[in-house]
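What follows draws every value from the coordinates through simple rules; no lab data is involved. This one's a predicted model, so the numbers in the text were calculated from it and none came from an experiment. Cβ sites come from the backbone with ideal geometry, for glycine too, and all protein chains shown count toward neighbours.
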Amino acid sequence: MRFSRKVAFFLTVLLCLLSLVSCGYQLRGKGKFWPPGMKRVIVPVFKNSSGRYELDLKLTSAVVNELVARTGVVIVSDRSQAQGLLSGEILSFSVQPIAFNSAGAAVRFKIVITTSVVFTDLENQRVLFSDSHFVYTEEYDIPEGVDFETMETQAIERAAEKYARQLVVNLLEGF
């Protein structure tokens, strides 16, 4: 009787471990939604309706870098050579103070970037992804003695990279 309890316990533990190994967890952004034949994409500079200077260039550049890194596509400048078109518009950009020190000065800020993005298969004239209200939020601190503009510029660059990562993951996974 004692032997069969040990065997039963061992088999139960083994089954639990096997179920964990084969449970189906996967990394996001691997490209199950991305069309297999999509090799050449054109990404025009995002239209900037936000009024924030050069935000269009920073976001577009970050999106291009992330798209190439994750998919291996070639970015083309001639629409007639492209199989896909990723277009975007920056609808709004805001920086809001969210924390203050004892003197009442803002020490933590939140950046909110709202865009409209469309990814189109040009060969089949089909919209593959569309989000008219894609929002990305980033928070950052202003350490004492550091000027606001420097920290804001660095925060915008980080936000552009993270925005691009999230957008490309959404493109790849079809969210």
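Structure data summary
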{"quantity": "Virtual spin-label span in nm between Asn124 and Ser87, 7 Å along Cα→Cβ", "calculated": "2.0 nm"}
{"quantity": "Charge context of Arg79, other residues only, Cβ under 14 angstrom, K/R +1, D/E -1", "calculated": "-2"}
{"quantity": "Square roots of five times the Cα gyration tensor eigenvalues for the range 31-173, Å", "calculated": "34, 13, 13"}
{"quantity": "Relative contact order (%) - criterion: Cα under 8 Å, at least six apart; region: the range 31-173", "calculated": "26 percent"}
{"quantity": "Most positive-pole-ward Cα, Val63, Val43, Ala103, against dipole of the range 34-175 from beta carbon charges", "calculated": "Val43"}
{"quantity": "Segment Glu139-Ala106, length gained on full extension (0.36 nm per residue, minus Cα span)", "calculated": "10.6 nm"}
